[in-house]
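The values are calculated or read from the model by the stated rules, or taken from the named source; none is laboratory data. Fair warning: this is a prediction, and the values are worked out from it, not measured in the lab. Because the Cβ atoms are built from the backbone with ideal geometry, glycine has one as well, and the counts that use them run over all protein chains shown.
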Amino acid sequence: MPKPSPALTAPLPESQADYSTLEVARLLGMAVRSVQLMVDRGELEAWKTPGGHRRIARASVEAWLARRGGGAAATAAAGAAIAAPAPAPASKPAGGAQRPRLLLIEDSVHYQTLISMLLAQQFPELELHMASDGIAGLAMYGQLQPELLLVDILLPGIDGATLITSLRSQPQFAGSRLIVVTSLDEAQRQPYEFALQGLPVVHKPRLVTELPALLRQQLGSRRESALS
């Protein structure tokens, strides 16, 4: 971890208040461990109080958001949505159960269109929702509590690995099934293995042939869990 600058070796004035690690995690919709890793990598500037508590400079958090094109308001909304209680279930359609919701978090318009077409043809029972970046994806997850998620690894706002780590730390994630879709090959995915362990991964060149079977498997697994 880089040495803090002299300006960060003493508490900042109240007008320039900084954050605790937990506050940053809630603000960004991440796990505390993810924020700690960002500090260790030098992505966020931090210092310690005389009592040994880590504080993270507000300016470095704002700079991190600016580099990723995310506004503070959008990120705060994402964190609040994750932390908020799940919304009341939508009313069931007449004569049938509520349609399972699938949230696609993908920034490529091409793959958004391709997956939309595939789902319309083979999974008309699914209710599709889409987000084009990690911050919006976190916010939508909190609002929808979807049964299924398709998440890309390389995302603007918050990368897919950080997003997945954050989701897995949330109690409500236990009710969801997640599939990773990515253009990265196995060697290129190595830096993200900490987040991908135990998750099904579809390489985008094989998306059309592999995704339908995985979706059927995950839907079947979820139904079995609901009945057990």
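Quick notes on this one:
- Taken together, the residues in segment 10-40 that are modelled with pLDDT of 75 or more and either touching a Pro at 6+ places or on another chain (Cβ under 9 Å) or surrounded by fewer than 13 Cβ atoms within 10 Å (Cβ to Cβ) (or both) amount to 3.
- With respect to the conditions (1) out of contact with any Leu (no Cβ under 7 Å at 6 or more places or on another chain); (2) at pLDDT below 90; (3) under 20 Å from Ala131 (Cα atoms), Ser166 falls short on a single one, namely (1).
- Residues within segment 156-203 that are within 24 Å of Leu219 (Cβ to Cβ), surrounded by 13 or more Cβ atoms within 10 Å (Cβ to Cβ) and not small (Gly, Ala, Ser), tallied: 19
To keep it simple, each residue is scored yes or no on (1) under 30 Å from Thr209 (Cα atoms); (2) at pLDDT 90 or above; (3) surrounded by fewer than 17 Cβ atoms within 10 Å (Cβ to Cβ).
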{"site": "Ala63", "(1), (2), (3)": "no, no, yes"}
{"site": "Thr75", "(1), (2), (3)": "no, no, no"}
{"site": "Ala84", "(1), (2), (3)": "no, no, yes"}
{"site": "Ser116", "(1), (2), (3)": "yes, yes, yes"}
{"site": "Gly134", "(1), (2), (3)": "yes, no, no"}
{"site": "Pro146", "(1), (2), (3)": "yes, yes, no"}
{"site": "Leu149", "(1), (2), (3)": "yes, yes, no"}
{"site": "Leu154", "(1), (2), (3)": "yes, no, yes"}
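- Ser108 vs. criteria outside the structural domain of Gln36 (by TED's automatic domain parsing), touching a residue at least 40 places away in the same chain (Cβ under 8 Å) and surrounded by fewer than 20 Cβ atoms within 10 Å (Cβ to Cβ): yes
- Within segment 214-225, the presence of a residue that is under 19 Å from Asp107 (Cα atoms) and either of a type in the set (A, V, I, L, M) or not in a loop (DSSP other than H, G, I, E, B) (or both) is excluded.
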